[in-house]
Amino acid sequence: MTFRERALRRPQTLWIRKAVFQIHLWTGIGVGLYVVVASLSGSAVVFRRELMRAWANRPQVSAHDATTRRLSEAELAAAARQAFPDYTVTKVWVGRNGERPIDIWMKRDAREKKHLFDPYTGSDLGETITPGVRTLDWFVSLHDDLLAGFTGRIVNGAGAIVLVALCITGAIIWWPGVSSWRRSLGVRWRAGWKRMNWDLHSSIGFWSFLFVFMWAVSGIYLVFPHPFMAVVDFLEPLDPASLTPRRGDLALEWLAKLHFGRFAGIKTKALWAFMGLVPPALFVTGALMWWNRVLRPARSAFTQPAGVRRPTDAGEIAIQEGTG
């Protein structure tokens, strides 16, 4: 049987497929927690704009007529000190628009407060940035740069590259051969839990491949845009006299839109948020396979008396290798 025939009919017998299996297994375990964090935080910020509008603190100033005098900066600072006697006023942001609240910053030791005050009465109108907005900003920073600034963003780009490798190796491993590929599209719920776990990992990976691959490639672009732009420049040299966007520029614009799901309505965003749960599911099912393949045999070998060899379960090996 030639290599091509084996690849089509019995890919599990190829040494290169077994090598790819090992690469996929250990890479997935190595970056699995990172992928979970990136995916869940991404799902959390899909509705960022809607949540920002809902959670933003936009209080109205008190009712007044045109003759009502606005409080001076000193009077506003005094009102803030009265409301928070333990804090020192560090900045009063007096705007030109008298219909907007005044932002006052205060400090006590290492703690800071930022509150809005009525410019006519001096009453406290609440925090400038609400707890909900702060939480959302935290998730955005977690997703964009892992709470580590520029360094975290670079790590995110590297993680996206690894995720592309996971997608490609996963696709190679998924292919079971021409005689049984349809069987790998679903889950045999009545099979043993190991078989069912393999089916779950395989079928979820197949049906979500385009989503995960798109997120990985667009994630690379958002961190390292210059190589993508260089390709566009090579394929479509920039014409300084033309104001028409190039097809490559439009493609890159859509790549960014696809990453966040912000090109359509609420239903699309809901789908994006739901699909963000897929990589964690793949990590859990993959970790269970890793436990069966690596950790459990190692633990059994450690706990058994010397010279006693655990019998090989051919069916278990078939599941672990994807041949069952």
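The values are calculated or read from the model by the stated rules, or taken from the named source; none is laboratory data. Computed from a prediction, not measured in an experiment: that's the story for all the values here. FYI the Cβ positions are ideal-geometry reconstructions off the backbone, even for glycines, and counts take in every protein chain you see.
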Checklist outcome for this item: Here the residues within segment 175-210 that are surrounded by fewer than 14 Cβ atoms within 10 Å (Cβ to Cβ), touching a residue at least 12 places away in the same chain (Cβ under 8 Å) and over 23 Å from Leu288 (Cβ atoms) are Val178, Ser179
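I'd like to know if segment 169-176 contains one or more residues that are under 23 Å from the mean Cα position of the chain (by Cα), of a type outside the set (Gly, Ala, Ser), assigned by TED's automatic domain parsing to the domain that holds Leu258 and under 22 Å from Leu271 (Cβ atoms).
Taking segment 169-176 and keeping what is under 23 Å from the mean Cα position of the chain (by Cα), we get 169-171.
Within this subset, residues satisfying the condition of being of a type outside the set (Gly, Ala, Ser) are 169.
When the remaining residues are screened for being assigned by TED's automatic domain parsing to the domain that holds Leu258, the result is 169.
Going one step further and asking which of them are under 22 Å from Leu271 (Cβ atoms), we end up with none.
Scanning segment 169-176 turns up no residue that is under 23 Å from the mean Cα position of the chain (by Cα), of a type outside the set (Gly, Ala, Ser), assigned by TED's automatic domain parsing to the domain that holds Leu258 and under 22 Å from Leu271 (Cβ atoms).
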Checklist entry - Which of the residues spanning segment 177-210 are more than 28 Å from the chain's Cα centre (by Cα) and either part of a helix (DSSP H, G or I) or more than 20 Å from Arg6 (Cβ to Cβ) (or both)? => result Arg182, Arg183, Arg188, Trp189, Arg190, Ala191, Gly192, Trp193, Lys194, Arg195
Checklist entry - With respect to Thr27, is the statement that it is β-branched (Val, Ile, Thr) and more than 33 Å from the chain's Cα centre (by Cα) true? => result no
Checklist outcome for this item: Those residues of segment 132-174 which are surrounded by fewer than 17 Cβ atoms within 10 Å (Cβ to Cβ) and not in a helix (DSSP H, G or I) amount to Leu147, Ala148
Next on the checklist: Going residue by residue through segment 103-113, is there one that turns out to be within 36 Å of the chain's Cα centre (by Cα), among the β-branched types (Val, Ile, Thr) and modelled with pLDDT of 95 or more?
Outcome noted: yes
Checklist entry - Which of the following residues is farther than 30 Å from Met289 by Cβ and among the charged types (D, E, K, R): Arg6, Arg69? => result Arg69
